[in-house]
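A quick write-up on the structure given underneath.
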């Protein structure tokens with residue numbers, strides 16, 4: 001949940017301070033050392049600043065479909081003075097047309113459970129279009145496995161999400177991976193994270209038939 005910063009456009013997201021270091025530790029290992037990384041649903045922009053600061057060899061391309069979020073990303077980037085963050089793009093993951101043609105990696109933090117399932121389908125299709133062979137898509141958030149929640153707190157969170165919007169909800173890892181496979185993406189790593197979350201790393205397969 002984002003809250004307004006009365007001093008400007010920068011929005012604070014309290015959860016970022018709790019999970020940013022654990023997420024960064026994963027990204028250090030799975031992302032390339034150099035190249036352009038597209039972040040889907042950047043939200044406040046605080047993850048963008050944290051990661052871009054720690055990984056200066058990468059060019060960080062934030063994006064979000066919400067204008068207020070894009071203003072927040074830009075404000076946090078200005079305040080940080082970090083040079084390797086690009087202006088945020090207006091990008092809806094569910095769209096079949098993204099305003100970017102090719103990137104070296106994609107990161108999506110805490111998005112697919114607070115969006116319609118079409119956003120997951122669009123995310124995977126877009127990753128398939130924009131990633132090179134061997135490029136990775138990294139997801140972070142809560143997931144069900146084998147139809148079960150990993151903790152009672154996740155089950156309660158799922159029920160709350162569905163009550164707020166029936167199109168939302170904690171997703172089944174297996175269902176996400178099936179959609180990924182249709183876009184040429186293979187799950188290569190499942191990493192347990194704090195607070196009963198997971199990081200999932202999908203890799204773009206080599207193109208065949210060309």
*Would the range 91-101 turn up any residue that is within 22 Å of residue 170 (Cβ to Cβ) and assigned to a helix (DSSP H, G or I)?*
no
*Within the range 56-69, tally of residues that are free of Cβ contacts under 8 Å to residues at least 60 places away in the same chain and buried (at least 19 other Cβ atoms within 10 Å of the Cβ)*: 6
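Mind telling me which of the residues 115, 151 ends up being surrounded by 14 or more Cβ atoms within 10 Å (Cβ to Cβ) and either closer than 30 Å to residue 34 by Cα or out of contact with any strand residue (DSSP E or B) (no Cβ under 8 Å at 6 or more places or on another chain) (or both)?
115
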_Yes/no for residue 87 being within 18 Å of residue 119 (Cβ to Cβ) and either surrounded by fewer than 24 Cβ atoms within 10 Å (Cβ to Cβ) or in contact (Cβ under 8 Å) with a residue 60 or more places away in the chain (or both)_ = no
*Residue within the range 173-181 that is under 13 Å from residue 138 (Cα atoms), at pLDDT 95 or above and touching a helix residue (DSSP H, G or I) at 6+ places or on another chain (Cβ under 9 Å) present*: yes
*When the range 16-42 is examined, which residues are found to be crowded, with 17+ Cβ neighbours inside 10 Å and modelled with pLDDT under 95?*
16, 19, 20
*Within the range 90-100, restricting attention to residues that are in contact (Cβ under 8 Å) with a residue 40 or more places away in the chain and touching a helix residue (DSSP H, G or I) at 6+ places or on another chain (Cβ under 8 Å), which residue is nearest to residue 45 (Cα to Cα)?*
93
*At least 2 residues that are within 22 Å of residue 18 (Cβ to Cβ) in each: list the helices (runs of 4 or more DSSP H) lying fully within the range 110-210 that qualify.*
152-164
_Among the residues that make up the range 47-54, is at least one of them outside any helix (DSSP H, G or I), over 14 Å from residue 92 (Cα atoms) and touching a helix residue (DSSP H, G or I) at 6+ places or on another chain (Cβ under 9 Å)?_
no
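The values are calculated or read from the model by the stated rules, or taken from the named source; none is laboratory data. This is a predicted model, so every value here is computed, not measured. Every residue, glycine as well, gets a Cβ built from its backbone with ideal geometry; the counts of neighbours run over all protein chains shown.
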